[in-house]
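This report concerns only the one structure given below.
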Amino acid sequence: MGTEITKYFTLLPDDSPLKKLYEKMLCTIDPAEKKNMQETLRNSIRPGDINVNIMTKLDRTNYSPDRKELPSEYSDALAALRGYAKSSLASAIIFSAGINRRLYSYVEEFKDFYADATGSIKKKIILKVSDYRSSIIQGKFFAKKGLWISEYRIESGLNCGGHAFATDGYLMGPILEEFRIKRQELIESLHTIYNEALKLKNKLPFAKPHEMKITAQGGIGTIKEDRFLQDHYQLDGTGWATPFLLVPEVTNVDEGTRQQLAAAEEKDLYLSEVSPLGVPFNNLRMSYSDVARDDRVQKGRPGSACPKGYLVSNTEFTPQPICTASRQYQKLKIEELERLSLHPTEYQRRFNKVVQKSCICNDLAEGAMISYHLGNGALRFTAVCPGPNLAYFSKISTLQEMVDHIYGRTNLLNATYRPHMFIKELKMYVEYFMREVQKVLKQPNEKQKQYFGEFKKNLLEGIEYYRTLFPNLADESLEFRQKMLSELDEFKVKLDDYVNQNLEFFSGARLAPVPA
């Protein structure tokens, strides 16, 4: 008892064949039979894959010591891909944050990403996507190069950790439904393009498509939600991430930040604009990174020293890109604002927008630096990017406890009322929609009106989809299902009211009220 091999089997879900064999072995009395079963169990253990993630938008151009631009293969993303491609790993590369044609084209140059004669792929490709259309576009791009997508990992656009890549109002449920309905069509269409590309490369085509998994993640918090996703949408797997920030065995988070995370409530977890990428970023209010940033602003020295420069992208003031969170950029931008002779209120609004950017490319790694006592002993200010689901978990847990929660053997949810993951995402989208419309409400152009009109339409269609879905959530209690329908109406009313208050912007008929 208590050994690593014992821990391995106790962590497995109760319906796992290996778990059942393990439990049978424990009850076996005959020594010879018990030994044979133990040998079978040992031989069945497989190490997990070491997968690598590349955020495709982080693709900085690099320069030589004499400041000459290096060839494209030395950019950050391409260099990262090359390092993985030349490794001995047999695993997968995960591309997140959307299409990067230069990066995707570079994959074509490495043999390990192609299937061998048996159909086996040493280095698989996983795409993190937000909707079906994105999957088709990116899948075809790779298929035309004779490369197969082994997994589409569908992530909620807002109800997730890290950067949030919002859809145009498409909600998680309808997105998963489209994948469920069109899954075979997706596989067959890509398989045809894939085989044609292989022939052009003088490679043998494959009679049957390779395995293509469809998985989902973002905001899952209970065994009932997890089971429903896998059963109803016929998924090959689900992903949980944010709750593991409370598991010291699994995540590199310094003790101070972990205590902040454990104490975090809904109001402490918010969609911020601190990222220099200009993409919404799920953030922890009063993180050490943000407190240090605000302290620099108060002292009249806003901005970071930019020690790493991974997020450089702005060329407003310099021939080579700099980061909008850097001291250099913020000094130049504030000087520009001062020359504009703005009204004090407008000046403060623009000033705040400039100085709110945080040095996340450095500060997100600070937790690991602190935990392992690395670096030169300088003060470190940790950034962290939990999803909103963290508000419902408060216990700093062991791996065993968190896995037991995921598989329904225990309950780690705190006393805070937790809405269903689909309702939580809908709430976030309605609030996001209203915030984004508000930004352009005074002087919108036709393109913006059209975009938000389509966004509104997609939200309303998602709400109607849920209205028919929720009564079928058999694992949930009748009371909870009724609560979900009530919340659905609440957010529809909120959306309708906002649209009706801004009819000139939406230039459409007044929306019908929710039926009584």
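Values quoted throughout were computed directly from the atomic coordinates according to the rules given, and no laboratory measurement underlies them. Since we're looking at a predicted model, the values are computed, not measured. Please note: Cβ atoms are built from the backbone with ideal geometry, for glycine as well, and neighbour counts cover all protein chains shown.
Charge dipole of the range 269-392 (Cα centre as origin; +1 on each Lys and Arg Cβ, -1 on each Asp and Glu Cβ, all else neutral): 160 debye, rounded to the nearest 20.
Let me check against my output: what whole-number percent is the relative contact order of the chain, with C-alpha pairs under 8 Å and at least 6 apart? Don't skip to the end; give the middle numbers.
Values: 738 pairs, mean separation 68.2, N = 516.
The normalised contact order for the chain reaches 13 percent.
Note on the range 52-239: dipole from Cβ charges, positive end direction compared against Tyr194, Ile220, Tyr63; the farthest Cα belongs to Tyr63.
When the Kirkwood radius is taken over all Cα pairs of the range 30-177, what Stokes-Einstein diffusion coefficient follows at 4 °C and 1.567 mPa s, in µm²/s? All intermediate terms of the calculation are to be shown ahead of the outcome.
Numbers: Rh = 17.8 Å.
Stokes-Einstein gives a translational diffusion coefficient of 73 µm²/s.
Excluding same-chain neighbours fewer than eight residues apart, the lysines reachable from Lys111 by a Cα-Cα span under 20 Å are Lys86, Lys122, Lys123, Lys124, Lys140, Lys144, Lys145, Lys199, Lys201, Lys203.
Between Val493 and Thr398, the contour length at 0.36 nm per residue exceeds the Cα-Cα span by 30.0 nm. Label points 7 Å out from Cα along the Cβ direction at Phe480 and Asp49: separation in nm? Between Phe480 and Asp49, the simple spin-label model gives 3.1 nm.
A full extension of the chain between Lys442 and Leu342 corresponds to an added length of 34.2 nm, given 0.36 nm per residue minus the alpha carbon distance. Values (i) 23.5; (ii) 25.8; (iii) 24.6 are given for comparison; Kirkwood radius over Cα pairs in Å, derived from the coordinates here, is the one labelled (ii). When restricted to Cα atoms, the range 269-392 yields an Rg and a Dmax of 15.2, 49 Å, respectively. The range 419-506 gives an Rg/Rh value of 1.05, both radii derived from C-alpha positions and Rh following Kirkwood. The trypsin sites (Lys or Arg not before Pro) of the range 17-97 that meet both conditions, a loop assignment by DSSP and at most 13 other Cβ atoms within 10 Å of the site Cβ, are Arg67, Lys68, Lys86. Projecting label points 7 angstrom from Cα along Cα→Cβ for Ile181 and Gln230 puts them 2.6 nm apart. Inter-label distance, Asp66 to Leu364: 3.5 nm, where each label sits 7 Å from its Cα along the C-beta direction. Which residue, chosen from Ala115, Ser289, Thr315, occupies the Cα position most advanced towards the positive end of the dipole of the chain, where the dipole is computed from +1 (Lys, Arg) and -1 (Asp, Glu) charges on Cβ about the Cα centre? After comparing all options, I get Thr315. The chymotrypsin sites (Phe, Trp or Tyr not before Pro) of the range 329-405 meeting both criteria, a DSSP state outside H, G, I, E and B (loop) and at most 16 other C-beta atoms within 10 angstrom of the site's C-beta, are Tyr372. Per residue, the chain reaches -14500 deg cm²/dmol at 222 nm when only DSSP H runs of four or more residues are counted, each adding -39500 (n - 2.57). Loop-located GluC sites (Glu not before Pro) in the range 215-270 (DSSP state not H, G, I, E or B) with no more than 10 neighbouring Cβ atoms inside 10 Å: Glu249.
For the chain, the dipole from Cβ point charges (+1 on Lys and Arg, -1 on Asp and Glu) about the Cα centre works out to 1300 debye, to the nearest 20. Taking the range 122-150 and a reference point 7 angstrom along Cα→Cβ of Thr468, no backbone N atom is nearer than 14 Å. For the range 419-506, averaging the sequence separation of C-alpha pairs within contact (under 8 Å, six or more residues apart) and dividing by the residue count gives a relative contact order of 45 percent.
Within straight-line reach of Lys24, meaning a Cα separation under 23 Å, sit the following lysines at least 8 residues removed in sequence or on another chain: Lys7, Lys34, Lys35.
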